[in-house]
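The values are calculated or read from the model by the stated rules, or taken from the named source; none is laboratory data. The structure displayed is predicted, hence computed values, not measured ones. A quick note on method: Cβ atoms are made from the backbone with ideal geometry, for glycine too, and the neighbour counts reach across all protein chains shown. SASA here: full protein model, heavy atoms, side chains in, ligands and nucleic acids out. Shrake-Rupley method; radii C 1.70, N 1.55, O 1.52, S 1.80 Å.
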Amino acid sequence: MIEHITWIGDPRKGHLRLLDQTKLPGETVNLDCTTVQDVWDAIKRLSVRGAPAIGIAAAYGCVIGVQKVQEMDAHATGSEGVRHALEVAATYLAKSRPTAVNLFWALDRMRRVEPCTPERLLEEARRIHEEDAAMCRKIGEYALGIMEGLRVGHPRAESGANGVGVLTHCNAGALATGGIGTATAGMYLAHERGLPLRVFADETRPLLQGARLTAWELGQAGIDVTLVCDSMAAQVMREGKVAMVIVGADRIAANGDAANKIGTYGVAIHAKHHGIPFYVAAPCSTFDLSLKTGGLIPIEERAAEEITLGFGKRTAPEAVKTYSPAFDVTPASLITAIITDKGVIEPVDEANVQRVVGG
Ligand code: MRU
């Protein structure tokens, strides 16, 4: 598995090492974060991205946040000063990106750590990291069951040249989590267990997480992956090459509406039109039951340059007006099921969401 988030050293002097995802697939470069500002910048510029990975990175960022205070007063173990430093770090990190609820979920867990020492904080960050890996595996087992069912029962299942055709959008893979991904978890397990499968990865405009990250990580694992432009997904479905769609999520409301990378909503509409099941895969940490519907999910807007000057090449007039929401919300009515670490939510409605992830 790709080690892309690593704590280096001890709790008091150590730091966070990230694989800089902005450089993939061309270069595999590590980024060492020694300050809270470094961690904030890495999240903001998407050096680390994907809902669970953002939460994990921010949790380690909290450890860095208390190091200076702890160093000034070695006996300040659990003192008000350390707790204040933690609060300052957590409040700041929470402002890096607004949509993925895993960020706020992880920061809240860090805030609850007692006693508030670098040692205990690092322990909690590591626990969040490890628990995420375990949740990915559980999601993978449920997803694999669904894939196996499609293979025997679905007329489209054999239409992918090498087995079950699965389309995904963005990167909800190992690079987005502490484990084998959410949307990709079933793919890794299917590959491990010899179930033939063919993945179609949408390139995912404007930042190309599908092309740069999903195609890269699945390729590294030896999984059959075919890259398509976002605008090709409907045609690929019409040609009968796709038996199912699986995507990740950044935040899921109490009624099952799910926010994910911009373009996901369109993919869901295409899937519905072609009678293809559309699955969302996400751990319980991605649910926000305080929001009744997806309309209440805050949607991040990104800088104009990401669509006019992407990767350093000008592709639109400098003065053109732009609008760049980074996420959209797929209504529960378009989602066949949500695959969580605690079970599969199907049909997707408030009662079933509550039954599986509530409480
Ligand atoms: O802007 P990004 O790259 O952070 O967006 C990531 C996604 O939309 C993922 O699909 C989502 O976070 C799920 S990750 C398991």
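Please state which of the following conditions residue 2 fails to meet, knowing it meets all the rest: (1) in contact (Cβ under 8 Å) with a residue 60 or more places away in the chain; (2) among the aliphatic types (A, V, I, L, M); (3) closer than 22 Å to residue 250 by Cα; (4) open to solvent by less than 30 Å² (accessible area, probe 1.4 Å). Tallying (1) in contact (Cβ under 8 Å) with a residue 60 or more places away in the chain; (2) among the aliphatic types (A, V, I, L, M); (3) closer than 22 Å to residue 250 by Cα; (4) open to solvent by less than 30 Å² (accessible area, probe 1.4 Å), residue 2 fails exactly one: (4).
Scanning the stretch 286-303 for residues that are within 16 Å of the ligand (Cβ to nearest atom) and either free of Cβ contacts under 8 Å to residues at least 60 places away in the same chain or not in a helix (DSSP H, G or I) (or both) turns up 287, 288, 294, 297, 298, 299, 300, 301, 302, 303. Residue 95 meets all of the listed conditions (1) of a type outside the set (Ser, Thr, Tyr); (2) surrounded by 18 or more Cβ atoms within 10 Å (Cβ to Cβ); (3) within 16 Å of the ligand (Cβ to nearest atom); (4) in a loop (DSSP other than H, G, I, E, B) but one, namely (2). Inspect the stretch 98-110 for any residue being surrounded by 18 or more Cβ atoms within 10 Å (Cβ to Cβ), within 16 Å of the ligand (Cβ to nearest atom) and under 18 Å from residue 11 (Cβ atoms) and give the result as yes or no. Yes - at least one qualifying residue is present in the stretch 98-110.
Here 219, 194, 181, 210 are screened, and the one residue that is free of Cβ contacts under 8 Å to residues at least 60 places away in the same chain, of a type outside the set (Asp, Glu) and on the phi > 0 side of the Ramachandran plot is 194. Test residue 253 against the stated conditions and say whether it is away from the ligand (no atom under 13 Å from the Cβ), surrounded by 22 or more Cβ atoms within 10 Å (Cβ to Cβ) and within 19 Å of the chain's Cα centre (by Cα). Yes, satisfied. Does the stretch 342-359 contain any residue that is within 16 Å of the ligand (Cβ to nearest atom), touching a residue at least 60 places away in the same chain (Cβ under 8 Å) and among the acidic types (Asp, Glu)? Within the stretch 342-359, not a single residue is within 16 Å of the ligand (Cβ to nearest atom), touching a residue at least 60 places away in the same chain (Cβ under 8 Å) and among the acidic types (Asp, Glu). Considering only residues in the stretch 34-52 that are assigned to a loop (DSSP other than H, G, I, E, B) and either among the aliphatic types (A, V, I, L, M) or at pLDDT below 95 (or both), the one that is surrounded by the fewest Cβ atoms within 10 Å (Cβ to Cβ) turns out to be 46. Quick check on the stretch 132-146. Is at least one of its residues crowded, with 19+ Cβ neighbours inside 10 Å, among the charged types (D, E, K, R) and assigned to a helix (DSSP H, G or I)? Yes; the residues of the stretch 132-146 include at least one that is crowded, with 19+ Cβ neighbours inside 10 Å, among the charged types (D, E, K, R) and assigned to a helix (DSSP H, G or I). Filtered by the rule that a residue be part of a loop (DSSP other than H, G, I, E, B), small (Gly, Ala, Ser) and away from the ligand (no atom under 16 Å from the Cβ), the stretch 305-341 gives 316, 319. When residue 61 is tested against the conditions (1) assigned to a loop (DSSP other than H, G, I, E, B); (2) surrounded by 18 or more Cβ atoms within 10 Å (Cβ to Cβ), the lone failure is (1).
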